[in-house]
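K.L.:
This is the structure I have questions about; it appears just below.
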Ligand SMILES: Cc1cc2nc3c(=O)[nH]c(=O)nc-3n(C[C@H](O)[C@H](O)[C@H](O)COP(=O)(O)O)c2cc1C
Ligand SMILES: [Zn+2]
């Protein structure tokens, strides 16, 4: 039975916790992506062996009169250097991703290489940010990140959380669980690769 | 060109880091010109990680 877990399959014990921050990818006043990002932080925090943090692009002191690594913020760069994986919360703006999210991501490069990333789309419309996610994937790839095959889509997000930001629809939890399981597996695998597998 | 023969050493643990990636990056100013690889069409950045503490480091490849 090659597809079943074999006896002897190992559960790796990590010497250090994985660090998986969540990037809240918009600065919009009244942004509904904020409760989504907080939910992702909360779901990550409940998992053993994982440390997380909310990185709010609105709070990063990034200049907007330059672009790329010239704008690098040392704190953000240190968080990306420490990260094993990223969760990017990406609202859909005019069928794309937010410009400031791209500006922030562009401020680093080497810090991302061979690290996992998963994208959580958010939209007012019915597609859960899927169009913005599709456009973001090639950008993440060029940054050296490794994208996972699960996304989470928060469609008609105004109905998903109550006024205080509490999740109203429990159906999201099993989707987030699948997404995070895959992200953590990829984060572990890539950490092992970065630290032990030599580029031939 | 001279090969980057010397390993990168972790600033924290002093352990030899693992060279796990080479990424093509795009030049933005003239100081980068000396590293441009005309065949690959960019600059090759070597990426290393420490097997003890996980810290990452990188340097321009001269290979
Ligand atoms: C400039 C702009 C463009 C938008 N374009 C779309 C869109 O193409 N599709 C969609 O479903 N919602 C669109 N929206 C609505 C957002 O998806 C909505 O605000 C949602 O709550 C997620 O973004 P938020 O975190 O800014 O609230 C747009 C919002 C803005 C500000
Ligand atoms: Zn080290």
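The values are calculated or read from the model by the stated rules, or taken from the named source; none is laboratory data. Everything numeric in this text was worked out from a predicted model, so none of it was measured. Please note: Cβ atoms are built from the backbone with ideal geometry, for glycine as well, and neighbour counts cover all protein chains shown.
K.L.:
When you go through A:100, A:62 one by one, which is the residue that is modelled with pLDDT under 95, more than 14 Å from chain B (Cβ to nearest Cβ) and touching a helix residue (DSSP H, G or I) at 6+ places or on another chain (Cβ under 7 Å)?
P.N.:
A:62
K.L.:
Next question. How many residues are within 14 Å of another protein chain (Cβ to nearest Cβ) and in a helix (DSSP H, G or I) when one looks only at region A:65-90?
P.N.:
Matching residues across region A:65-90 total 10.
K.L.:
Sticking with this structure for a sec: For region A:70-101, what are the residues that are within 14 Å of residue A:60 (Cβ to Cβ) and within 16 Å of ligand 2 (Cβ to nearest atom)?
P.N.:
Passing the criteria: only A:78.
K.L.:
How many residues does region A:18-71 contain that are away from ligand 1 (no atom under 16 Å from the Cβ) and touching a strand residue (DSSP E or B) at 6+ places or on another chain (Cβ under 7 Å)?
P.N.:
9
K.L.:
Test residue A:119 against the stated conditions and say whether it is surrounded by fewer than 21 Cβ atoms within 10 Å (Cβ to Cβ) and within 22 Å of residue A:191 (Cβ to Cβ).
P.N.:
For residue A:119, the condition - surrounded by fewer than 21 Cβ atoms within 10 Å (Cβ to Cβ) and within 22 Å of residue A:191 (Cβ to Cβ) - is not met.
K.L.:
Would you confirm whether any residue within region A:139-152 is within 14 Å of the chain's Cα centre (by Cα), farther than 26 Å from residue B:49 by Cβ and modelled with pLDDT of 95 or more?
P.N.:
So far as region A:139-152 goes, yes, one or more of its residues are within 14 Å of the chain's Cα centre (by Cα), farther than 26 Å from residue B:49 by Cβ and modelled with pLDDT of 95 or more.
K.L.:
Among the residues in region A:159-175, are any on the phi > 0 side of the Ramachandran plot, in contact (Cβ under 8 Å) with a residue 40 or more places away in the chain, in contact with a helix residue (DSSP H, G or I) (Cβ under 6 Å, 6 or more places away or on another chain) and within 16 Å of ligand 1 (Cβ to nearest atom)?
P.N.:
Scanning region A:159-175 turns up at least one residue that is on the phi > 0 side of the Ramachandran plot, in contact (Cβ under 8 Å) with a residue 40 or more places away in the chain, in contact with a helix residue (DSSP H, G or I) (Cβ under 6 Å, 6 or more places away or on another chain) and within 16 Å of ligand 1 (Cβ to nearest atom).
K.L.:
State yes or no: is residue A:141 away from ligand 1 (no atom under 16 Å from the Cβ), within 14 Å of chain B (Cβ to nearest Cβ) and not in a loop (DSSP other than H, G, I, E, B)?
P.N.:
Judged against the criteria, residue A:141 is a match.
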